[in-house]
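A.B. asks: Here it is: the structure, laid out below.
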Amino acid sequence: MTGAAPEPSPSLVPRIVRKVLVTVLVGGVSYLVSNALIHGPNEDLWSLLLATFISGIVFVVQFLTDVDDQLETVLQEQRRQHTKTHDLVADSFAKINEASKLFGVVEMSALETRGVAELVQNAAKIRDDMPDLVKSLVHHEVTRMAKFLGELSDGRYALYEGEDRDWLLALARNTRVSLDAISLTSVDARDTEFGAGFWHTDLGQRYVKLQRDLVQRGARVRRVFVVDRSERLDSEAFRRVWKWQTTVGIEVRTLLLADAPPLLRGSLSDFILFDGVVYYESNPAPQVGDGIAPVIHSTILVRDQERVRERVERFTELWEAATPAA
């Protein structure tokens, strides 16, 4: 069953009436004028024919004028639609081209394309109707990741305010050859006692388990504990820490701060070398009082080869100066 025919536009009737009225008016005037000017036989017939002819011309001119106006309106609408379609297609192609360039850059990099594509797909799932807090959190995390990649690729180092967790575990999980660490009392024991220090935290225990996995995969893991006071070396809490680490295959040595090479003694830092290509360094805040454990002020991840080489040499000196834990 077909739908009902569309009703004429309300403005159509007034235009037709206007045309008829104008035609009749012109015809009447033409008839009166011609009747006054034409004399002779059949003057009424000639006046009527002339008035009809003029009226027809006026009607046709009105019709053609309306047709021309409508054609101009259609052309303007077509131009507008053409421009809109052109802009839409151009914008779509520009977006596709930009996306192609981005994925082309990703494919040229060492990153796995699958991971980047998954990131983009999951980002597209963040809908506009989600709570603003959720969207702000996602935006913050994406911005943080972009900042991290920019710092590590362009600046050759990345800085984290406070104590990092994700970098440390990810680096330990993906190390293949070696992990060499210098562990200071101010960081590991939090400048109090080893029994309440880093190694008894959730992060510390996860970190040791990952090092155990490294040893089982054939990697070499070495750690030098730099202790500030001799009595700490004999403390039961410290002995439990280094014995636990040796049981999982970590090579442990201890070094009293006073026995460190003089040139290194004043610039010791807590750092970890991963595969000899990057180092991870924790910087504790200054101690504010006796018995108050300092917090980690910042964490830095460095890939600059010159600075990494310096850390390799520093570790080698401290390792040779240290003695096996016993």
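A.B. asks: With θ taken as phi - 60° and the coefficients 6.51, -1.76 and 1.60, list the Karplus ³J(HN,Hα) couplings across the stretch 133-145 in order, rounded to whole Hz; mark glycine and proline as x.
C.D. replies: Ordered by residue, 3J(HN,Hα) equals 4, 5, 5, 5, 5, 4, 4, 5, 5, 5, 5, 5, 5 Hz.
A.B. asks: What nm distance separates the two modelled labels at Val248 and Val312, each placed 7 Å from Cα along Cα→Cβ?
C.D. replies: Here the modelled spin labels are 2.6 nm apart.
A.B. asks: What GluC sites (Glu not before Pro) does the stretch 219-326 have in DSSP loop regions with at most 13 other beta carbons within 10 Å?
C.D. replies: Of the GluC sites (Glu not before Pro), not one in the loops of the stretch 219-326 has a Cβ with at most 13 other Cβ atoms within 10 Å.
A.B. asks: Show the residues, 5+ positions off or on another chain, whose built amide H is closer than 5 Å to the amide H of Ser298.
C.D. replies: Amide H neighbours of Ser298, under 5 Å, 5+ apart: Gly162, Asn283.
A.B. asks: If you don't mind, another one. Output wanted: per-residue J couplings in Hz (rounded whole) for the stretch 210-216, from phi through Karplus 6.51 cos²θ - 1.76 cosθ + 1.60, θ = phi - 60°, x for Gly and Pro.
C.D. replies: 5, 5, 4, 5, 4, 4, 5
A.B. asks: What list of ³J(HN,Hα) values in whole Hz, one per residue of the stretch 86-94 in order, does the Karplus curve 6.51 cos²θ - 1.76 cosθ + 1.60 (θ = phi - 60°) give from phi, with Gly and Pro shown as x?
C.D. replies: Karplus-based 3J(HN,Hα) across the stretch 86-94 equals 4, 5, 5, 5, 4, 5, 5, 5, 5 Hz.
A.B. asks: Using a 1.4 angstrom probe with every protein chain in place, what is the largest-first accessible-area order of Met145, Met130?
C.D. replies: Final ranking, largest accessible area leading: Met145, Met130.
A.B. asks: Once amide H atoms are built 1.01 Å from N in the peptide plane, which residues 5 or more positions from Val227, or in another chain, come under 5 Å H to H?
C.D. replies: Amide H neighbours of Val227, under 5 Å, 5+ apart: Leu255, Leu256, Leu257.
A.B. asks: Which net charge results when you count Lys and Arg as +1 and Asp and Glu as -1 among the other residues whose beta-carbon is under 15 Å from that of Glu151? All intermediate terms of the calculation are to be shown ahead of the outcome.
C.D. replies: Working: positive: Arg144, Lys147, Arg156, Arg303, Arg307; negative: Asp154, Glu161, Asp164, Asp166, Glu281, Asp304.
Residues near Glu151 contribute -1 overall.
A.B. asks: With every protein chain left in place, what is the accessible area of Lys135 in Å² (1.4 Å probe, nearest 10)?
C.D. replies: Approximately 60 Å² for this residue.
A.B. asks: Can you figure out the FRET efficiency of Val60 with Ser92, using R₀ = 41 Å and their beta-carbon distance, to the nearest 0.05?
C.D. replies: 0.30
A.B. asks: At 7 Å along Cα-to-Cβ for each site, give me the label-to-label distance between Val120 and Ala258 in nm.
C.D. replies: 6.3
A.B. asks: Now, a different point. From the P(r) of the stretch 131-227, could you give the percentage of C-alpha pairs in the tail past 19 Å?
C.D. replies: 57
The values are calculated or read from the model by the stated rules, or taken from the named source; none is laboratory data. All values reported here derive from a predicted model rather than from experimental measurement. When we count neighbours, we look across all protein chains shown, and the Cβ atoms used for this are built from the backbone with ideal geometry, even at glycine. For accessibility, only protein heavy atoms count, side chains too; no ligands or nucleic acids. Shrake-Rupley method; radii C 1.70, N 1.55, O 1.52, S 1.80 Å.
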